[in-house]
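Undergrad: Input: one structure, supplied below.
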Protein chains: 2
Amino acid sequence: MSKVAVIGVGSSRFGRRDDALLQELAFESVKEALIDAGITQKDIGLSVVGSVGTREYELQPAVPVNDYVGLAEKGPIRVEAACATGSAAVFTAHNAISSGAVDIAIAIGVEKMNEVDVQTSTAAGGRGGSYLWEFHMLGTSFAAYYAMFARAHMTKFGTTEEELGLVAVKNHKYAAMNPKAFFQKEIRIEDALKSRVVCSPLKLYDCCPITDGSASVILASEEKVRELGVKDPIWIEGIGFGADSGNLPRRDDYVGLPAARSAAQMAFKHAKAEPKDIDVATVHDCFTIAEIMAYEDVGFCAKGEGGKLIKEGQTYIGGKIPINIDGGLKAKGHPLGATGCAMIYELTRQLRGQCGNRQVPLHNNMALAHNVGGHGYSAYVTVLRA
Amino acid sequence: MSKVAVIGVGSSRFGRRDDALLQELAFESVKEALIDAGITQKDIGLSVVGSVGTREYELQPAVPVNDYVGLAEKGPIRVEAACATGSAAVFTAHNAISSGAVDIAIAIGVEKMNEVDVQTSTAAGGRGGSYLWEFHMLGTSFAAYYAMFARAHMTKFGTTEEELGLVAVKNHKYAAMNPKAFFQKEIRIEDALKSRVVCSPLKLYDCCPITDGSASVILASEEKVRELGVKDPIWIEGIGFGADSGNLPRRDDYVGLPAARSAAQMAFKHAKAEPKDIDVATVHDCFTIAEIMAYEDVGFCAKGEGGKLIKEGQTYIGGKIPINIDGGLKAKGHPLGATGCAMIYELTRQLRGQCGNRQVPLHNNMALAHNVGGHGYSAYVTVLRA
């Protein structure tokens, strides 16, 4: 198994991007990643497009994307894993290199969601569960699943609505410092607590926005890294994955995501590392409760203590473990297919020390990305090292 | 790079399958593959679902499929590569094993297409090209692309409508001997030639049918093959891939598919083999002209001589290179996501000598699968050895 490194990353501006077609949005991040890596399209052996294809005619989103970005001859595959699609693309590109099939591969995550109405988007999440019982009979939308997780966590561990809101406050703070983020304004805890209820106990500021955006990650084999003379390769030390039923009644509890726990364990095992080794992380905060569950599922704190971790400010820069310093899904935005790649974009730049006023202090030069599909029916955890 | 073998295959009956949900259709082939491999779901490390998701609400087809077939905890990824989706799933599962991520993986190809109207299905193929110019302005549907290839081939090489029809005659003959095939009746060349025009020069019998079906392939590492004591592993000697623009004006010619030629070259190089070493092949005959181009692109004959190859009967059992002895896409059927896996299903059984009255004689114990995405914007060629 050949070692694989990130050698280039790029990201579009996230937001409502009516100004760009899907393929144009993809090109914004591909171009930046190519420049970052110092290579051109002809150096790439394989292009893996990650896109859920939320718009009804996007049966084959990889074709127009690869055509437009100059990778038509390199792109025979598109992957999808709901909200973890970007990570699935990185996983696929990584394996194509470590298996020896190619020596350089790009994972292009892209999604245009704002042309779809919000009902369709949230219904799509709900359809991942039991179609008949959860979605059709009970009308369980995507937000409803996470509202149930929040209620269970509050009941079992005493997690409060304020703690949920504090996650939003943190992530908006950092998004306001990140020019690529969707939301560019800080919020106060009072704003979060008095925002309108979406699905109790989740309020507007507990939910990530429907977002357009793209992010790209270029990976290379150890040999190629040497050959290209890459100055600052960011090594992939481990990629863990997990999966689970989409049907809630088949889960043992509702206060965490077993798929994410399995993914974290697998990633740490491959990386021969522990949660305490990580300097900075991005976790999947599609809803604020998801960030709190992620703290616990990855092992940054014990189960039930996620609310305390944010309340103490431990996930800010300067805290025990800085998390979602790019603004997270919550405030940077969550274009489904792009999110997993955008996490690697942020962490690569953090590990290179390129994040300016958002730069976290580095002790072990290790970072971790945690990306969840839907309401926990898939998950990827990736451990990086400078 | 660890060697990888096929250790189990399964296939549903192909056809109009209103009797089964997507996940039930998938289970038909998963169950057969598990029994064939002599393992259970718990032995599998990764499930890769290949499905285009032709129905408008199938944004995440892998979730209900993995849930139903008992692989909920193993399935964090779905892949898509238009009509080559099944091969993309095999490629992804293969790389996950050869990279060392898992030691057993399953590729599940599945599609339900009959609930979608035929206009939507053929338009989807057209959208793979230039949306504005080819699809929207000129109304180029999927059949229209292949009609253009046929016209170009006829003009340049003198290929005849009769030669196209002879491909259908052969594939119907073998489908009638294959209980899993959609069409169970032989046709005569007169039937083909007098069938109604779909898109000139292609007539009804030149086109594959809209099909429901699934096929599954279980792969294992060399070490696992030994550990399990697999009696008849079928080794993957090489997987080649290629890709190309979906926009016809960007192609150099219209008498073959560059993506398929690249894929074949890569596969033969990995396998250290040549076309003459192959005992039996499945090629992508979504339209009869596609089978003739495939003969040439893979190298079973020189460019322009594909029509002669079928006219001489060289692709029947007993001929120079028996092709599509399962009935092909043309008569066995073409459920997009399933097709690539169904090719490996057929070839594995041929190489094991399990095909009864459809069994081809084996000389070198090598087989080849050629699977194309759309009108040639992706392609996979896989070389197998007993």
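Undergrad: If you scan region B:301-326, which residues turn out to be open to solvent by 10 Å² or more (accessible area, probe 1.4 Å), among the hydrophobic types (A, V, I, L, M, F, W, C) and touching a residue at least 24 places away in the same chain (Cβ under 8 Å)?
TA: The one that is open to solvent by 10 Å² or more (accessible area, probe 1.4 Å), among the hydrophobic types (A, V, I, L, M, F, W, C) and touching a residue at least 24 places away in the same chain (Cβ under 8 Å): B:317.
One line per residue, one yes/no per condition, for (1) under 30 Å from residue B:28 (Cβ atoms); (2) within 13 Å of chain A (Cβ to nearest Cβ); (3) assigned to a loop (DSSP other than H, G, I, E, B); (4) open to solvent by 50 Å² or more (accessible area, probe 1.4 Å):
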| residue | (1), (2), (3), (4) |
| --- | --- |
| B:231 | yes, no, yes, yes |
| B:260 | yes, yes, no, no |
| B:266 | no, yes, no, yes |
| B:270 | no, yes, no, yes |
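Undergrad: Further question: Mind checking which residues of region B:55-99 are among the hydroxyl-bearing types (Ser, Thr, Tyr) and facing chain A (nearest Cβ under 7 Å)?
TA: B:57, B:92, B:98, B:99
Undergrad: Provide a single number: the residues in region A:100-112 that are more than 7 Å from every other protein chain (Cβ to nearest Cβ) and open to solvent by 10 Å² or more (accessible area, probe 1.4 Å).
TA: 2
Undergrad: Could you run through region A:201-225 and say how many residues are within 16 Å of residue A:119 (Cα to Cα), outside any strand (DSSP E or B) and touching a residue at least 24 places away in the same chain (Cβ under 8 Å)?
TA: Result for region A:201-225: 3.
Undergrad: Quick check on residue A:192: is it buried (at least 24 other Cβ atoms within 10 Å of the Cβ) and either under 23 Å from residue A:317 (Cβ atoms) or within 16 Å of the chain's Cα centre (by Cα) (or both)? Steps first, answer last, please.
TA: Numbers: buried (at least 24 other Cβ atoms within 10 Å of the Cβ): no; either under 23 Å from residue A:317 (Cβ atoms) or within 16 Å of the chain's Cα centre (by Cα) (or both): yes.
In short, no.
Undergrad: In region B:233-256, which residue that is within 25 Å of residue B:154 (Cβ to Cβ) and open to solvent by 40 Å² or more (accessible area, probe 1.4 Å) is modelled with the highest pLDDT? It would help to see each step written out before you state the result.
TA: Of region B:233-256, the ones within 25 Å of residue B:154 (Cβ to Cβ) are B:242, B:244-256.
Going one step further and asking which of them are open to solvent by 40 Å² or more (accessible area, probe 1.4 Å), we end up with B:249-250, B:252-254.
Values: B:249: 87, B:250: 89, B:252: 90, B:253: 90, B:254: 95.
Per the stated criteria, the residue is B:254.
Undergrad: Could you list, in sequence order, all residues of region B:131-185 that are among the acidic types (Asp, Glu) and open to solvent by 30 Å² or more (accessible area, probe 1.4 Å)? It would help to see each step written out before you state the result.
TA: As a first pass, look at region B:131-185 and keep what is among the acidic types (Asp, Glu): B:134, B:161-163.
The answer is B:161, B:162.
The values are calculated or read from the model by the stated rules, or taken from the named source; none is laboratory data. Please read all numbers here as calculations on a predicted model, not as lab measurements. Using ideal geometry, Cβ is built from the backbone for each residue, glycine included, and neighbour counts are taken over all protein chains shown. Surface areas here come from the heavy atoms of the whole protein model, side chains and all, with no ligands, DNA or RNA. Shrake-Rupley method; radii C 1.70, N 1.55, O 1.52, S 1.80 Å.
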